[in-house]
1. How would you rank 12-19, 230-237, highest first, on the average number of other Cβ atoms within 10 Å across their residues?
2. Over all distinct Cα pairs, what is the inverse of the mean 1/r for the chain, reported as the Kirkwood hydrodynamic radius in Å?
3. Taking 0.36 nm per residue of sequence separation and subtracting the Cα-Cα distance, how much length would be gained by fully extending the chain between residue 220 and residue 179, in nm to one decimal?
4. Compute the long axis of helix 84-94 from its Cα atoms, compare it with the longest principal axis of the Cα atoms of the chain, and write down the angle in degrees, 0 to 90, nearest 10.
5. Contour minus end-to-end for residue 121 and residue 205, with contour as 0.36 nm per residue of separation and end-to-end as the Cα-Cα distance?
6. As I understand it, the value is the acute angle between the Cα axis of helix 179-196 and the longest principal axis of the Cα atoms of the chain; what does it come to in degrees, rounded to 10?
7. Between residue 231 and residue 85, what FRET efficiency follows from the Cβ-Cβ distance if R0 is 45 Å, with the result rounded to 0.05?
8. Compute the distance from the alpha-carbon center of the range 170-215 to that of the range 130-162, in whole Å.
């Protein structure tokens, strides 16, 4: 991004986030005092080996899990102090999730899968608009089994963005796809970021994908090892792996 970080508007801010998982007398430190801010309209790539804490951090940022210690803020409001009902409301109103596996309902068409969200969200897009945004206008009435993996993932993206979320969190969205199909999915994510201004965090094991992001966060052993800015982002079609 051309702006300095100090001039950007913080959407999410994590301060000293730790997460400890316990099993009997065994404690596993999944996150160790993570400090991170996500800013309006940016795409952030989270990279790191399995077990580095990427998914744990993403789940906490999205209100799916609570930290063991530390504080999390959404536009200045402390999320880490909310009840379960408050976190559910935060997720419902402000966060869209996209995972490696599409989690579509097999017995529903693409249109009907997206409608599951639009029927309960405020100020939602129509399913048709959401699907059109990810290039599936001609596939709305197909069932998941009639769609390719990339098309199913784009339905999942349409479902996530239909409520016009402020934040889009993607956990390995191209992990189950070949490179050509993965590029199509990344193009949908970048287009949503461009047109809706959705703050986007993207977990990937694929280091090549970092080039589409504004910033890259490298994680190791539950900590942020380093962060870097991408002065020259690439379009998804320019990325090869």
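Coordinate-derived values only; no laboratory data. All values reported here derive from a predicted model rather than from experimental measurement. Glycine also receives a Cβ, built like all others from the backbone with ideal geometry; neighbour counts cover every protein chain displayed.
1. 12-19, 230-237
2. About 18.3 Å for the chain.
3. Residue separation times 0.36 nm, minus the Cα-Cα distance, leaves 12.2 nm.
4. Helix 84-94 sits roughly 50 degrees off the main axis of the chain.
5. 27.0 nm
6. Orientation of helix 179-196: about 80 degrees from the principal axis.
7. 0.55
8. 16
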